[in-house]
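The next block holds one structure in the form of structure tokens; read it before the comments.
The values are calculated or read from the model by the stated rules, or taken from the named source; none is laboratory data. Keep in mind that this is a model prediction, so the values were computed, not measured. A quick note on method: Cβ atoms are made from the backbone with ideal geometry, for glycine too, and the neighbour counts reach across all protein chains shown. All accessible areas refer to the heavy atoms of the entire protein, side chains included, with ligands and DNA or RNA removed. Shrake-Rupley method; radii C 1.70, N 1.55, O 1.52, S 1.80 Å.
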Amino acid sequence: MRRKTKNRLMELFHEDDFDKWKILLKNNSFIKKEFLEKMIQFNVWQMKQIRLGFEEGLTMEQVKVYAKPEFESGQMKQIRLGFEEGLTMEQVKVYAKLEFNAYQMNQIRFGFLFELTMEQVLVYAKPEFNSEQMEEIRLGFHSKFTMKQVKVYAKLEFNDKQMEEIRLGFKNGLIIEQVKVYAKSEFNDKQMEEIRLGFEMRFTMEEVKLYAKPEFNAEQMEQIYLGFTSHLTIEQVKLYV
């Protein structure tokens with residue numbers, strides 16, 4: 001090991017990590033040849049992810065997918081875990097991209113890990129979706145929603161809280177016609193909740209549409225909702241709408 005490189009490694013590693021690397025390099029000359037001179041490009045946390053990959057039995061081809069200084073250590077970890085969990089190269093490469101942060105990578109990895117299809121994962125494996133939005137889409141597929149149901153809310157116009165309200169509607173047995181009444185970006189998540197609860201309480205479409213209007217805030221919607229749960233007639237409720 002060249003003195004300059006050794007000194008640089010000692011600066012970057014904790015002593016225990018350096019000792020582990022010495023053992024790894026001694027027993028695997030191919031790792032030394034491929035990586036040793038490049039190690040000065042990586043910080044200690046990136047180095048750790050590369051070392052762990054080899055220690056867990058990943059191949060050179062697999063480690064090379066993430067052994068790039070442009071990946072942060074958290075991104076490296078998600079790629080490493082994907083390989084360790086048995087994901088294919090094709091699956092890992094869906095998210096082994098700089099455009100995804102570690103949290104987004106985690107949601108894509110979870111999708112494959114829990115046996116979503118490539119078609120399903122690609123619905124949300126888009127950098128425009130943040131990790132919370134990705135999670136809501138992923139949970140829909142895990143709940144056995146159809147592609148048609150998921151695509152009602154897998155849209156950038158909805159934030160994660162709005163997506164959650166739409167997802168809960170399908171999860172609780174609402175049909176697409178009912179969900180589409182409130183699956184509109186002009187409603188915030190609290191307004192969506194009031195409309196969803198009305199359908200879940202078996203209100204008629206006429207009753208729900210009486211308050212499913214953007215001009216009513218969530219608190220006003222709640223008053224109309226409570227009127228119907230108290231068995232007031234539409235005529236009675238209309239007196240204060």
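Brief remarks on what is shown
- Helices (runs of 4 or more DSSP H) wholly inside region 135-224 containing at least 3 residues that are buried (at least 23 other Cβ atoms within 10 Å of the Cβ): 160-171, 189-200
- Qualifying residue in region 70-81 (condition: of a type in the set (Lys, Arg), open to solvent by 30 Å² or more (accessible area, probe 1.4 Å) and modelled with pLDDT of 95 or more): yes
- Residues of region 49-58 that turn out to be open to solvent by less than 70 Å² (accessible area, probe 1.4 Å) and not hydrophobic (A, V, I, L, M, F, W, C), as a count: 4
- Counting only residues that are among the small types (Gly, Ala, Ser), without any contact (Cβ under 8 Å) to a residue 24 or more places away in the chain and in contact with a helix residue (DSSP H, G or I) (Cβ under 9 Å, 6 or more places away or on another chain), region 216-236 holds 1 of them.
- Listed by first and then second residue, the pairs with beta-carbon distance under 8 Å, at least 6 apart or on different chains, first residue in region 195-215 and under 11 Å from TYR225 (Cα atoms), second open to solvent by 70 Å² or more (accessible area, probe 1.4 Å), are ARG196/ASN172; LEU210/LYS238; TYR211/GLN220.
- Unique match (being over 30 Å from GLU55 (Cβ atoms) and either at pLDDT below 95 or open to solvent by 20 Å² or more (accessible area, probe 1.4 Å) (or both)) among ASN106, ASN130, ASN101: ASN130
- Taking region 140-187 as the range and being among the hydroxyl-bearing types (Ser, Thr, Tyr) and either under 24 Å from TYR211 (Cβ atoms) or modelled with pLDDT under 95 (or both) as the test, the residues that pass are TYR153, TYR182, SER185.
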